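Each remark here refers to the structure printed beneath this line.
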Amino acid sequence: MLLLILMITFGNYQGAVANESTMMKDSVKKVSVQVSTYPVLQWTIYPDAVIYELDIALDKNFSAKNIVFHSTSVYVAGYQPDLSQWQGKTLFYRVRPLNYDRQPIDKWSNITEIQIAYPEDFDKFQPVTVAKWSKVTPILYPAYSWVPVFGAEKYKVEIFSVDKAAPLESEKRYQLLSSHQLDGGLTDEWYDEVSRVGNFAWRVQAFNENEQPIGLPSDLEEFTLEAVPGQFAIGVYGDSIMHGGGAVSGTPADLCYSLHAYLAGSAINLARSGDTSALSLERFDRDVLPFSPQTLLILTGINSIRAGAKAENVIQDLMGIYNKCLENNITPVFLTLPPINPERINLIFQERSAPSWSIERNKVNQYIVQNLPCIDIAPFFIDSDGIMPVKWSTDGLHPDSKAKKLIADMFNRSQFNAKKGD
């Protein structure tokens, strides 16, 4: 069965690296598309949207009495509604991006007309993966994402090794490496805990409350990362701030939140979400040296400090990374640690930050500025109260897309960028 996926766009926004002009359109798509009773509706990711509001109506004016579906709880750029009672009818849908407080941050999208033409065959249904990051940029620790499946209560993510010499349809091409069970019907992502160097593929399958499969697994999506020393001009290294993600719902698979997507020059994402400065130091030989980028852009330590670590310990770890870079002819460039917003972190993640975080962060940053090759980004992201304002970080920890672009622009203009002036 051919799964029809509908895509609508938000104005001029075309991808990860967007212009500021992203206003949405109110026009109606002229071509009416035939879909199933449980269609997968998709749209382009809107930078810094935490949630999407979705309306489906019987008329293109979306009069209140004719709206048949409304939600302000769509956390990924896609949704699978139950439209079974409208089979044989023509419907219209639109979306708009919301912030964490469910307030609109832009206008409604263009309106799409759909005809509910045939019943969904769930025996042959396949989950729809969202981001095709593997086709765009190399990430050492991948993040996988998909549109939640109607009726799902659990998901299974499988990782395979790929024998490129075997034919595409051959069973010998794929060997299962690991399988991961995830609870929650709205689950739409999984962060790989293993670095992936070589040829791999992944897929996801949905299960109902009785743990029975809903249709088939998604198509296998292959990705490749070769460890070639010096292949990449820039390595992005550190914790989740460098790994990617933002606006609560965004992951490293969403390139608008990825620092390396905005860098001038070839870049590889070697960061890992959850790293402390000690963990970044510990995995350096394993994760950085096989690639040996010309320049390593480093930000790590904020997880250590908000958990109560002393600045002296973080500084010791940073010096360890610095020395390893010099020993291996890699140019290290450190970013100063941006502030956090403890109230937002507690609100969104239910995690409390150490009372001493600001004092210890200042000590680390003072050492970085005085002793290490660095770009001092911290002053750009601090308000009069000494915290990260919401305009830069929705969750109080991870900078959102505009902040990632600003950091990248600072590096692109700096003395450390070999491509400066090209």
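The values are calculated or read from the model by the stated rules, or taken from the named source; none is laboratory data. Owing to the predicted nature of the structure, the values given are computational and were not obtained by experimental measurement. All Cβ positions, even for glycine, are placed from backbone atoms using ideal geometry, and neighbour counts span all protein chains on display.
Take the residues of region 84-104 that are within 22 Å of the chain's Cα centre (by Cα) and of a type in the set (K, R): which is surrounded by the fewest Cβ atoms within 10 Å (Cβ to Cβ)?
Filtering region 84-104 for residues within 22 Å of the chain's Cα centre (by Cα) gives 95-104.
Add one more test, that the residue is of a type in the set (K, R), and what stays is 96, 102.
Values: R96: 20, R102: 11.
Step by step, filter region 84-104, then rank; the result is R102.
Is region 369-389 home to any residue that is among the β-branched types (V, I, T), at pLDDT 95 or above and over 28 Å from Y100 (Cβ atoms)? Yes - at least one qualifying residue is present in region 369-389. The lone criterion from (1) assigned to a helix (DSSP H, G or I); (2) within 27 Å of the chain's Cα centre (by Cα); (3) acidic (D, E) left unmet by E360 is number (2).
Going through (1) in contact (Cβ under 8 Å) with a residue 12 or more places away in the chain; (2) in a loop (DSSP other than H, G, I, E, B) one by one, N365 falls short only on (2). Among all positions in region 208-217, there is no residue which is surrounded by fewer than 20 Cβ atoms within 10 Å (Cβ to Cβ), touching a strand residue (DSSP E or B) at 6+ places or on another chain (Cβ under 9 Å) and closer than 21 Å to R283 by Cβ. Comparison of I315, I268, I302, I321 shows that the only residue that is at pLDDT 95 or above and within 22 Å of the chain's Cα centre (by Cα) is I302.
Of the candidates V157, V149, the single residue that is within 22 Å of T44 (Cβ to Cβ) and crowded, with 19+ Cβ neighbours inside 10 Å is V149.
Residue check: P81 meets all listed conditions (1) at pLDDT 95 or above; (2) surrounded by fewer than 17 Cβ atoms within 10 Å (Cβ to Cβ) but one, namely (2).
Table: residues versus (1) surrounded by 24 or more Cβ atoms within 10 Å (Cβ to Cβ); (2) free of Cβ contacts under 8 Å to residues at least 24 places away in the same chain; (3) in contact with a helix residue (DSSP H, G or I) (Cβ under 8 Å, 6 or more places away or on another chain); (4) of a type outside the set (G, A, S).
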position	(1), (2), (3), (4)
Y262	no, no, yes, yes
T276	no, no, yes, yes
D287	no, no, no, yes
T300	yes, no, yes, yes
A307	no, no, no, no
V314	yes, no, yes, yes
P332	no, no, yes, yes
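Looking for something touching an Asp or Glu at 6+ places or on another chain (Cβ under 6 Å) and aliphatic (A, V, I, L, M) - is there at least one such residue anywhere in region 177-200? Scanning region 177-200, I find no residue that is touching an Asp or Glu at 6+ places or on another chain (Cβ under 6 Å) and aliphatic (A, V, I, L, M), so the answer is no. Taken together, the residues in region 372-399 that are assigned to a loop (DSSP other than H, G, I, E, B), touching a helix residue (DSSP H, G or I) at 6+ places or on another chain (Cβ under 7 Å) and closer than 19 Å to Y237 by Cα amount to 6.
A single entry from R344, R352, R272 fulfils the requirement of being surrounded by fewer than 22 Cβ atoms within 10 Å (Cβ to Cβ), of a type outside the set (G, A, S) and outside any helix (DSSP H, G or I): R352. Checking G198, G185, G238, G215 one by one, the residue that is in contact with a Pro (Cβ under 7 Å, 6 or more places away or on another chain) and either touching a residue at least 24 places away in the same chain (Cβ under 8 Å) or closer than 30 Å to I302 by Cβ (or both) is G185 and no other.
In region 163-182, what residues are among the hydrophobic types (A, V, I, L, M, F, W, C) and touching a residue at least 24 places away in the same chain (Cβ under 8 Å)? Even if it seems obvious, please write down each step before you answer.
Narrowing region 163-182 to residues among the hydrophobic types (A, V, I, L, M, F, W, C): 165-166, 168, 176-177, 182.
Matches in region 163-182: L182 only.
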